[in-house]
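What follows is a short report on a single structure.
The values are calculated or read from the model by the stated rules, or taken from the named source; none is laboratory data. Note that the structure is predicted; figures quoted are calculated from it, not measured. Here the Cβ positions follow ideal geometry from the backbone for every residue, glycine too, while neighbour counts run over all protein chains shown. Accessible surface is based on the protein model in full, side chains and every heavy atom, while ligands, DNA and RNA are left aside. Shrake-Rupley method; radii C 1.70, N 1.55, O 1.52, S 1.80 Å.
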Amino acid sequence: MPVKLGEIAEAVDAELDGNSECLISGVGTLKNAKAGELSFFSNRRYFSFLGTTEASAVILSAADGQACPANKLIVADPYLAYVKAVRFLYPETGFQPGCHEAAVISTSATVDPGACIGANTYVGEHVTVGKDVYIGPGCIIESNAVIDEGSCLVAGVTICHDVRIGKNVRLHPGVVIGADGFGIANDNGRWLKIPQLGSVVIHDDVEIGANSTVDRGALEDTVVGEGVKIDNQVQIGHNVIIGDHTAIAGCVGVAGSVHIGKRCMIGGLSALSGHIDIADDVIITGMSGVSNSIREAGVYSSGIPATDNRLWRRNITRFKHLDELARRVKALEEKNQ
Amino acid sequence: MPVKLGEIAEAVDAELDGNSECLISGVGTLKNAKAGELSFFSNRRYFSFLGTTEASAVILSAADGQACPANKLIVADPYLAYVKAVRFLYPETGFQPGCHEAAVISTSATVDPGACIGANTYVGEHVTVGKDVYIGPGCIIESNAVIDEGSCLVAGVTICHDVRIGKNVRLHPGVVIGADGFGIANDNGRWLKIPQLGSVVIHDDVEIGANSTVDRGALEDTVVGEGVKIDNQVQIGHNVIIGDHTAIAGCVGVAGSVHIGKRCMIGGLSALSGHIDIADDVIITGMSGVSNSIREAGVYSSGIPATDNRLWRRNITRFKHLDELARRVKALEEKNQ
Amino acid sequence: MPVKLGEIAEAVDAELDGNSECLISGVGTLKNAKAGELSFFSNRRYFSFLGTTEASAVILSAADGQACPANKLIVADPYLAYVKAVRFLYPETGFQPGCHEAAVISTSATVDPGACIGANTYVGEHVTVGKDVYIGPGCIIESNAVIDEGSCLVAGVTICHDVRIGKNVRLHPGVVIGADGFGIANDNGRWLKIPQLGSVVIHDDVEIGANSTVDRGALEDTVVGEGVKIDNQVQIGHNVIIGDHTAIAGCVGVAGSVHIGKRCMIGGLSALSGHIDIADDVIITGMSGVSNSIREAGVYSSGIPATDNRLWRRNITRFKHLDELARRVKALEEKNQ
């Protein structure tokens, strides 16, 4: 599959500084790429490898060109160009349509002949599986679910009843879409479960990482907007609405009835409290606790970065008395007026 | 299924202010309910919809009655009454008993004829499945486990060997009950695994959300008390004991050998350190880190709510020097005596 | 299986103070052990049970011997000796080799005749399953994966294509190894997925807890070193390298391209930001947020321990103004010079 560097430059819309005939047969990191491989430089942590890389070509910005002896593909956004190059060099492989003989498909299900259903996968009553859908082994698709064309359930994915999955959605192993939301009411000391009557709608081009969960709505549907990207082990509560093209990193918890805007980015292990609204274009850094609505685009943060344990112990002891400390400062100020 | 409002009032023990003959055919949110639907008002965030709702009837408290033009069901706890109304309007549907032909049931297992076992589910040696138990597709029930009557394993649930599940328990997809606890001891730089000899006991009326895990005990059993409700992606370590009617929100981590009292409520993404005791009726707000036992009922919290990133950066820089700041205040006070 | 105490003393290399002929038929906690059982004392929280235990023998350190009336096994590290005793008393039970008739094994897979493959497990094309490997029910092993000898996939484990699992590895239910990493680049407001070309290498003697996930590398492999122990619901991002004999507690999130040293210990619900390095022998306490590299061995912490909610509210209000408070102290100091 070796490809000429000139073709890659064209595919990723880069300015080529070097030998356009150079053959590229793969990609690698700056540190470990070998001759014949393409690399990229976008994170300054790896600057020291730029001058010594054995890559035959490197994608980088004009400003960094001088530091690199290899052939260069010069672009404004090296990471994006690298992604495009990888997609160009490694196009997705197709699959053989058809149902594995160890798949269990209900007679009332409608499976497009161009779809593929893997071994030990169960397709329930009245499920609809569209064209070019790939459902890997060990999946569970419960009754009345719809999987629209081009979507891919890698393996071991569970889709609960009546959930609707859009086009070109990719769901990784262990994902559960449409389990009951956490709806309980206290009845004299005992918890009463509230039936979860809504469903989940996953729009087109969504990707959801391994072991993430999206709960069905209590009354209306939980909605994941077009192009949303969700990492592993993320929990999305019932009635949540996530705007188009928002990205959520691993281990985030979004409580029920949260509305998240478009093009937001939420860092790993953050938590969003229930019933709050997050505006469009909000960035929440990792491990933040968001307990109130955020009305304006911008960057928001909380959490305390880790330090040496002894220093931390002294500081948290003081934190316990922070209110008192502030009062003491106030008293001093009054004395000093 | 339309039902007269008067019947609903009776079912939820509400005072009816309006037309008892009004036919209710469903439920909806204040904002989106249509004519013929019942709604409720319990969260003040949604007050603005109370006057404009198209719902034919609204469950609310007496104090809010005037703000709402629709028929009213007046109760002390509108959310609870709403839950009762939904349960009245949408009774649980039954299921057909019997084992799917693609279920794999060990010959030594005892399955009640009134139970249902789904496709691609495995029932191991000497397992006991009680009356009216529903085990959905893709579940794994390992040897000697007991599932008592009326319980429901929705789909893709794993029950490890010797685990005992009580009556009317509901386990959502991806739940794993009885995996080995994290028991290791350091032997000269290498970790030595300690066999986990205990099991897990889940008492009656427990519900556990998608992809949550409850580890088996090291020596004695891990115990989840009656009526406990656990949300998605919660981790319960080995030897933990959870008191009756406690509720735990999503993504909480409970380390080993923690004892949690009765009727506690633990907010999302909180962490409980190992070997601590939590009294009855303790409320822990979301994202709290609990490293010491809590001996008295009450509300406990930690964590820092997210703010504007620039302000946060300045504050965490100061936090690193908080102990020093406190010393400086002390010095000033001495000077000012 | 009763065993003489003298034999146990020898097996765990303990000094016996008591009756070497005493028969031990099991183990129990100090609090609940009965006559004929062996217990241990290593956590001072349980000191009050040391004098009253009904255990026939207790493993403890010399310093605590006097407080205990039972037969004693005296060692330097009671917990470690207890672990060794349990391993001696409860050796792992073997399994019957062979493939369950409801297993689905691709014709191109190579399965050692000494391996066991459970019901409803799928073994994909060109997979290699080594000697004495146990793969429980409901597992998914995708194409070209290698499971080396003596490893155990308990049940419901997913191994994605090309992943290599070493010897004597133990993976608990719901584990997903080799799902795509979270690699996306923003292309004019839409996220472009970057193909994840690397794989995952799990070295020998690793154990990974229920519902944990280890993503495949973007370019190179994600690597989990020899003897690493990972608890439940841990997320390991793409390109991460974890050094030998590191232990990671439950619900930790490790972002992409993090390099963790050898013999580290990471407490539950901690988060490590992307592209950082953690030195060997680093201990990170629970719920810490690590956003910068840690270059030296030591103990590191962050997070605020939970306190009474009213006190916490006052303190976090002050925290919001901490930078301002520090400036006010500075101003006072200048006045007081």
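Annotations for the structure displayed:
- Every condition in (1) out of contact with any His (no Cβ under 7 Å at 6 or more places or on another chain); (2) open to solvent by 10 Å² or more (accessible area, probe 1.4 Å) holds for A:Gly136 except the one numbered (2).
- Restricting attention to the range C:266-277, the residues that are open to solvent by less than 10 Å² (accessible area, probe 1.4 Å) and not in a loop (DSSP other than H, G, I, E, B) total 2.
- Put simply, of B:Ile241, B:Ile278, B:Ile230 the only residue that is within 11 Å of chain C (Cβ to nearest Cβ), touching a strand residue (DSSP E or B) at 6+ places or on another chain (Cβ under 6 Å) and closer than 30 Å to B:Leu171 by Cβ is B:Ile278.
- Candidates C:Ser212, C:Ser199 - the one that is in contact with a strand residue (DSSP E or B) (Cβ under 9 Å, 6 or more places away or on another chain) and surrounded by fewer than 24 Cβ atoms within 10 Å (Cβ to Cβ): C:Ser199
- Taking the range B:298-314 as the range and being within 8 Å of chain C (Cβ to nearest Cβ) and of a type outside the set (Phe, Trp, Tyr) as the test, the residues that pass are B:Gly298, B:Val299, B:Ser301, B:Ser302, B:Gly303, B:Ile304, B:Pro305, B:Thr307, B:Leu311, B:Arg314.
- Taken over the range B:139-174, the criterion of being crowded, with 24+ Cβ neighbours inside 10 Å and either touching a helix residue (DSSP H, G or I) at 6+ places or on another chain (Cβ under 7 Å) or polar (S, T, N, Q) (or both) is satisfied by B:Ser151, B:Thr158.
- B:Ile230 being out of contact with any Phe, Trp or Tyr (no Cβ under 9 Å at 6 or more places or on another chain), at pLDDT 95 or above and either surrounded by 24 or more Cβ atoms within 10 Å (Cβ to Cβ) or among the β-branched types (Val, Ile, Thr) (or both): no
- Qualifying positions in the range B:23-34 - open to solvent by 20 Å² or more (accessible area, probe 1.4 Å) and more than 10 Å from chain A (Cβ to nearest Cβ): B:Leu23, B:Ser25, B:Lys34
- Among the numbered conditions (1) open to solvent by less than 10 Å² (accessible area, probe 1.4 Å); (2) farther than 20 Å from A:Leu80 by Cα; (3) of a type in the set (Ser, Thr, Tyr), the only one that A:Ser39 does not meet is (2).
- The range A:278-294: number of residues that are at negative phi and assigned to a loop (DSSP other than H, G, I, E, B): 8
Every residue, every condition in (1) facing chain C (nearest Cβ under 7 Å); (2) closer than 16 Å to A:Pro305 by Cα; (3) in a loop (DSSP other than H, G, I, E, B), yes or no:
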site	(1), (2), (3)
B:Glu296	no, no, yes
B:Ile316	no, yes, no
B:Glu324	no, no, no
B:Lys330	no, no, no
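- Candidates in the range A:251-263 are the residues that are open to solvent by 10 Å² or more (accessible area, probe 1.4 Å) and over 24 Å from B:Tyr46 (Cα atoms); of these, the one that is farthest from the other protein chains (Cβ to nearest Cβ) is A:Arg263.
- Residue in the range B:119-129 that is open to solvent by 30 Å² or more (accessible area, probe 1.4 Å) and at positive phi present: yes
- Residue under evaluation A:Ala115, criteria (1) of a type in the set (A, V, I, L, M, F, W, C); (2) closer than 19 Å to A:Ile8 by Cβ; (3) open to solvent by less than 20 Å² (accessible area, probe 1.4 Å), criterion not met: (2)
- Given (1) in contact with a helix residue (DSSP H, G or I) (Cβ under 9 Å, 6 or more places away or on another chain); (2) modelled with pLDDT of 95 or more, number of the condition A:Gly98 does not satisfy: (1)
- Being surrounded by fewer than 23 Cβ atoms within 10 Å (Cβ to Cβ), more than 18 Å from A:Leu192 (Cβ to Cβ) and touching a Lys or Arg at 6+ places or on another chain (Cβ under 6 Å) is a condition met by no residue of the range B:1-16.
- Between B:Val12, B:Val83, B:Val104, the distinction of being among the β-branched types (Val, Ile, Thr), out of contact with any Asp or Glu (no Cβ under 6 Å at 6 or more places or on another chain), within 13 Å of chain A (Cβ to nearest Cβ) and in contact (Cβ under 8 Å) with a residue 40 or more places away in the chain belongs to B:Val12 only.
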